[in-house]
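The values are calculated or read from the model by the stated rules, or taken from the named source; none is laboratory data. What you see is a predicted model, and the numbers here were worked out from it, not measured in a lab. For neighbour counting, all protein chains shown are included, and Cβ atoms are generated from backbone atoms with ideal geometry for every residue, glycine included.
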Amino acid sequence: MVLARPNILSEADGDCVGIERIRGGSPVLFVCEHASSTLPERFGDLGLSREALSSHIAWDPGALAVARILSDALDATLIYQRFSRLIYDCNRPPSSPGAMPETSEIYAIPGNKDLTAEERLARTEALYVPFHDAVRGLIRDRRARGQDSIIVTMHSFTPVYHGRERAVELGILHDKDSRLADGMLKAAAEAPLFRTERNEPYGPEDGVTHTLILHGLSNGIRNVMIEVRNDLIANDAGQRVMADYLKGLLQQSLDAQ
């Protein structure tokens, strides 16, 4: 007997994928997997407090705002996930415990505890599969038009994690393909506005390069993951300063290749 899986998104929830500047002229394709803290209505609050649901465990504060500024400035396509990573973290494969975490930093997540195989599959099919299918579709359509693609994923991180302060302000992350990251790090060293480090505060060993591998390395496409400390992009002014700085790093790296 085949069990019927619940449709976890209602008509009111809408599509899980957001796309802006779909015909952008830049080769850069911005991807924001943790853009939103919104939960599909059927999940309520997952048993979490309002404080937890607005914190970094639910989304990457400021990441989408910075990505939008960059998208406008570069005329670049932006694709993002419209629902919280607490339901499904689209930067993790379905086999990863972190895809639907039972705990995140200091928080237990009651609504994710003891999920059945059918429940996990329902979330995967509703959120992960369409999101990454949409990224593939954008790359395929751009290739058909003779347009190159360069994957840039945008994230933010909390300044204090498990009680420890993080001194790094900007992380430039990569997996086996460091071409774009190398250029950005060189440019950052020449104009050190922020404390910038390679593969910090996370790296490939933490499983954070899934999207880069899936769409960048597998296609021979240049790629990079950007991590910004979220206290630096907590308001419009900070977001614009960071976006302008990142724009310069990206352009210098691309011009040098």
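Taking the residues in region 214-229 that are touching a residue at least 12 places away in the same chain (Cβ under 8 Å) and over 15 Å from Glu33 (Cβ atoms) as candidates, determine which candidate is surrounded by the most Cβ atoms within 10 Å (Cβ to Cβ). Show your work before the answer.
Step one: list which residues in region 214-229 are touching a residue at least 12 places away in the same chain (Cβ under 8 Å), which gives 214-217, 219, 221-229.
If we keep only those that are over 15 Å from Glu33 (Cβ atoms) too, we end up with 217, 219, 221-222, 229.
Working: Leu217: 17, Asn219: 15, Ile221: 19, Arg222: 24, Arg229: 22.
Taking the candidates together, the pick is Arg222.
So that you can scan it fast, the table gives a plain yes or no per residue for (1) among the small types (Gly, Ala, Ser); (2) at pLDDT 95 or above:
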position: Leu46; (1), (2): no, yes
position: Ser55; (1), (2): yes, no
position: Ala63; (1), (2): yes, yes
position: Arg68; (1), (2): no, yes
position: Asp75; (1), (2): no, yes
position: Ile79; (1), (2): no, yes
position: Pro97; (1), (2): no, no
position: Asp114; (1), (2): no, yes
position: Arg142; (1), (2): no, yes
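Tell me the residue from Ser36, Ser96 that is more than 24 Å from Gly146 (Cα to Cα) and free of Cβ contacts under 8 Å to residues at least 60 places away in the same chain, please.
Values: Ser96 fails: free of Cβ contacts under 8 Å to residues at least 60 places away in the same chain.
The unique qualifying residue is Ser36.
Take Thr209 and decide whether it is out of contact with any Phe, Trp or Tyr (no Cβ under 8 Å at 6 or more places or on another chain), among the β-branched types (Val, Ile, Thr) and closer than 25 Å to Ala58 by Cα. Spell out how you get there, then give the answer.
Details: out of contact with any Phe, Trp or Tyr (no Cβ under 8 Å at 6 or more places or on another chain): yes; among the β-branched types (Val, Ile, Thr): yes; closer than 25 Å to Ala58 by Cα: yes.
So Thr209 passes the test.
Given the structure, is Arg142 basic (Lys, Arg), over 22 Å from Ala52 (Cβ atoms), in contact (Cβ under 8 Å) with a residue 40 or more places away in the chain and part of a helix (DSSP H, G or I)? If you could, list the steps in order and put the result at the bottom.
Values: basic (Lys, Arg): yes; over 22 Å from Ala52 (Cβ atoms): yes; in contact (Cβ under 8 Å) with a residue 40 or more places away in the chain: yes; part of a helix (DSSP H, G or I): yes.
Yes; evaluated as a whole, the condition is true for this residue.
Which condition number does Tyr202 fail, the rest of (1) without any contact (Cβ under 8 Å) to a residue 24 or more places away in the chain; (2) closer than 27 Å to Asp133 by Cα; (3) part of a loop (DSSP other than H, G, I, E, B) being met?
The single condition Tyr202 does not satisfy is (1).
Exactly one condition in (1) buried (at least 17 other Cβ atoms within 10 Å of the Cβ); (2) of a type in the set (S, T, N, Q); (3) under 17 Å from Ala65 (Cβ atoms) is not met by Thr211; state its number.
(3)
For residues that are small (Gly, Ala, Ser) and without any contact (Cβ under 8 Å) to a residue 60 or more places away in the chain, scanning just region 147-180, find the one that is surrounded by the fewest Cβ atoms within 10 Å (Cβ to Cβ).
Taking region 147-180 as the starting set, the residues that turn out to be small (Gly, Ala, Ser) are 149, 156, 163, 167, 171, 178.
Within this subset, residues satisfying the condition of being without any contact (Cβ under 8 Å) to a residue 60 or more places away in the chain are 163, 167, 171, 178.
Details: Gly163: 7, Ala167: 10, Gly171: 25, Ser178: 18.
Of everything passing the filter in region 147-180, Gly163 is surrounded by the fewest Cβ atoms within 10 Å (Cβ to Cβ).
I'm trying to understand the selection: among the residues of region 32-44, which are among the small types (Gly, Ala, Ser) and either more than 22 Å from Arg142 (Cβ to Cβ) or at pLDDT below 95 (or both)? Explain how you work it out, then say what you get.
To start, the set of residues in region 32-44 that are among the small types (Gly, Ala, Ser) comprises 35-37, 44.
If the condition is that a residue be among the small types (Gly, Ala, Ser) and either more than 22 Å from Arg142 (Cβ to Cβ) or at pLDDT below 95 (or both), then Ser36, Ser37, Gly44 are the ones that fit.
Matching residues to (1) hydroxyl-bearing (Ser, Thr, Tyr); (2) in contact with a Ser or Thr (Cβ under 7 Å, 6 or more places away or on another chain):
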| position | (1), (2) |
| --- | --- |
| Arg50 | no, no |
| Ser54 | yes, yes |
| Ile57 | no, yes |
| Leu74 | no, yes |
| Leu78 | no, yes |
| Glu102 | no, no |
| Glu105 | no, no |
| Leu115 | no, no |
| Glu119 | no, no |
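Determine, yes or no, whether Gly183 is modelled with pLDDT of 95 or more, part of a helix (DSSP H, G or I), crowded, with 18+ Cβ neighbours inside 10 Å and of a type outside the set (S, T, N, Q).
yes
Considering region 64-88 alone, what residues qualify as being under 28 Å from Asp148 (Cβ atoms), charged (D, E, K, R) and buried (at least 20 other Cβ atoms within 10 Å of the Cβ)?
First pass over region 64-88, keeping only residues under 28 Å from Asp148 (Cβ atoms): 64-82.
Cutting the leftovers down to charged (D, E, K, R) gives us 68, 72, 75, 82.
Matches in region 64-88: Arg68 only.
Take Ala134 and tell me if it is in a helix (DSSP H, G or I) and more than 18 Å from the chain's Cα centre (by Cα). Show your work before the answer.
Details: in a helix (DSSP H, G or I): yes; more than 18 Å from the chain's Cα centre (by Cα): no.
In short, no.
Exactly one condition in (1) within 30 Å of Ala144 (Cβ to Cβ); (2) among the hydrophobic types (A, V, I, L, M, F, W, C); (3) touching a residue at least 60 places away in the same chain (Cβ under 8 Å); (4) in a loop (DSSP other than H, G, I, E, B) is not met by Val31; state its number.
For Val31, the failing item is (4).
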